[in-house]
1. For segment 167-215 and segment 717-781, what is the separation of their C-alpha centers, rounded to whole Å?
2. Take the alpha carbon atoms of segment 559-581, find their center, do the same for segment 639-713, and report the distance between the two centers in whole angstrom.
3. Express in % the proportion of alpha carbon pairs of segment 589-652 at distances exceeding 19 Å.
4. When Rg is the radius of gyration of the Cα atoms in segment 472-515 and Rh is its Kirkwood radius, what does Rg/Rh come to?
5. Using a 1.4 Å probe, what is the accessible area per residue for segment 167-326, in Å²?
6. So how compact is segment 688-781: Cα radius of gyration and Dmax in angstrom?
7. Taking only Cα atoms, what is the 0 to 90° angle, nearest 10, from helix 353-383's long axis to the longest principal axis of the chain?
8. In whole angstrom, how long is each semi-axis of the equivalent ellipsoid of the chain, when you take the square root of 5 times every eigenvalue of its Cα gyration tensor and sort them from largest down?
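The values are calculated or read from the model by the stated rules, or taken from the named source; none is laboratory data. Given the structure is predicted, the values throughout are model-derived calculations rather than measurements. FYI the Cβ positions are ideal-geometry reconstructions off the backbone, even for glycines, and counts take in every protein chain you see. Ligands, DNA and RNA are excluded from the accessible area calculation, which covers all protein heavy atoms including side chains. Shrake-Rupley method; radii C 1.70, N 1.55, O 1.52, S 1.80 Å.
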Amino acid sequence: ELLVPLYIQKLWSVLPPGVSSATPTEEMNGAGNLMDFLDEPFPDVSTYEDFHTIDWLREKSRDTDRHRKITSKSKESIWELIKSLLDAWSGWVVMLLIGLLSGTLAGVIDLAVDWMTDLKEGVCLSAFWYSHEQCCWTSNETTFDDRDKCPQWQKWAELMTGHTEGAGAYVLNYFLYILWALLFSFLAVSLVRVFAPYACGSGIPEIKTILSGFIIRGYLGKWTLLIKPVTLVLAVSSGLSLGKEGPLVHVACCCGNLFCSLFSKYSKNEAKRREVLSAAAAAGVSVAFGAPIGGVLFSLEEVSYYFPLKTLWRSFFAALVAAFTLRSINPFGNSRLVLFYVEYHTPWYMAELVPFILLGVFGGLWGTLFIRANIAWCRRRKTTQLGKYPVLEVIAVTGITALLAYPNPYTRRSTSELISELFNDCGALESSQLCDYINNPNMSRPVDDIPDRPAGPGVYNALWQLALALIFKIVITIFTFGMKIPSGLFIPSMAVGAIAGRIVGIAVEQIAYHHHDWIIFKNWCRPGADCVTPGLYAMVGAAACLGGVTRMTVSLVVIMFELTGGLEYIVPLMAAAVTSKWVADAFGKEGIYESHIQLNGYPYLDVRDEFTHRTLATDVMRPRRNDPPLAVLTQDSTTVEDVETLIKDTDYNGFPVVVSRESERLIGFVQRRDLTLAIKNARQKQDGVVSSSVVYFTEDAPQLPASNPQPLKLRRILNLSPFTVTDHTPMETVVDIFRKLGLRQCLVTRSGRLLGIITKKDVLRHMAQMMNQDPESIMFN
């Protein structure tokens, strides 16, 4: 083992981020003693500057010390034992609170969106807070054939002029629809701009970055939690091509951050806080889709950077509580967690895998098109005058959306209702245009087993409207995602896929009906049989398009079958999801969230990226050949004034400590913030510490003459086990170390002599250079 280089030994352990590579002795002498030095914590200890990366190893070491201290104290008295039990249970309490609050917020948002979406078209006279559906439920005069019409619900033109038909009524309803949409979107963008600038967008790219260890203060703050649900309701109700699912993950993480502040175990440790946020993301997807298992898998596959087994259990519990809370509120009135629940009565056949795979290809191509077009538009927004007028942009896009959406009944309604209709199977009781088939008068079949029939004029009319809706959704979503309002991408992507899938499904159904003697239909589609379910094709298309945009696979399939209840259709969903990912990956590995992370320049090291270049640590480390020498501290010859000058003149997050400037033998590493706090605290509490006092990082300070100023011993804030690699370490290995251990920086040595330092940003710059990108363009500004 002694023959194996140090960097290989350290990587061998392949520790997840947050697990220290130091030996117990090193921890006791080094970073582990940080808490001993801070027995009486002063303000800002253990915190990080805004837009900086946390040190996972240091946070884990501090949590281990805290846990060790609590365990030893628990043996002293009953009270200390109770405190230790409360500490152990605090994680589950936080999960319970997150589940309850995020489930409640999701239920309220669903009800509010339902009401405000219908408010654009009319109002309920018996109770203005009722949506169209609720209004007609409560009416005694509603008939089954006209279940969408009741005297209590009146459109605005009928209410104002008394006329329900005619050009005048249509124009007035059209005008008021646009006016309400503009009002809702203006309120949304104004509230975001004034009170919570971080409440805009999806939130998932930033949450992925935060979970990887980056600090964005205020992104999960109280103002964001207050404003985002309100503006989300307004944005979705305005009719814009956006969903509420992504922002609900952001809202759930805000809930998690809020409850972390109640427990010092999480509020004072950034690594532990991120475990809670991973579970909160799972709860967010659980209530967004009514898919608790899918939520846990989404957090694991798509969002989380570090996901230990303990977090898996807690995510499961948080998702369970959130789903239970949402079910108690019952926002859809169907006693189910989801709006899209379907029950198909026909199995799928092997020959149908061909159109399912074609839908997967469409999903992959749509995902690639959307990502490239949306990123190009967002880059243009950032680099031109357009970005200076976010309110005007939102108003313009809303106006165009409402103007073009109203004439088409499939774009006028909310996207969720559209998807629900596209997923539905045509039963005997359906009144939709999509179910306008020509019935055989001699048919005597059970209601649930209606055979394939020729399409009537309503179906062909609906197909034209759906084709126009598909083009409209594809184009308008590109310009909508990324505006300064809360905007999710799941529902618009599913809508594009569901429209395409339903069109393909009807086409296959009609071909099978008219050509049942063809060889591909002969075995499974006899005359008078119910062969093809167009709603299933809509479901598969929705999964394919969502997979093409986000590059999800396992969690996507689970979310889709939880969302629809279509458990026996897992294979078609899997085929479409895998195909869409393969096709999309052929044009580029990044999904929409990774692309937005790159666009914003967040320091995010994606675990899925491969680094295959043959460069060495010496090619990346600083200082470079013509750079000034590395800023270091010596163990026993630096004064307080020298340290303060170094801190003032540089913006580095830490400094290596060496034996002397001549030998450059590495002793350890000290964090900038710890150094600043230690000197400030020493000046306040320790007599005799002045600017000329010598700072010692050694075990014992030497005896000094009485005339010399009091020395300052800072051994206890020194990390004696900083992560080091040799100058000939391959960068492939260094990148792996940074990913798996979540490092902020790594020191480069040769035979114990310090040569340089590699930070996370240096690694990102180098990776950008290797991919022929501008290294400065991707760094967070």
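1. Using only Cα atoms, the two centres lie 40 Å from each other.
2. That distance is 61 Å.
3. 62
4. That ratio equals 1.23.
5. Accessible area per residue, segment 167-326: 30 Å².
6. Computed over the Cα atoms of segment 688-781, radius of gyration and Dmax are 19.4, 61 Å.
7. For helix 353-383, the angle is close to 60 degrees.
8. Equivalent-ellipsoid dimensions as semi-axes: 58, 28, 24 Å.
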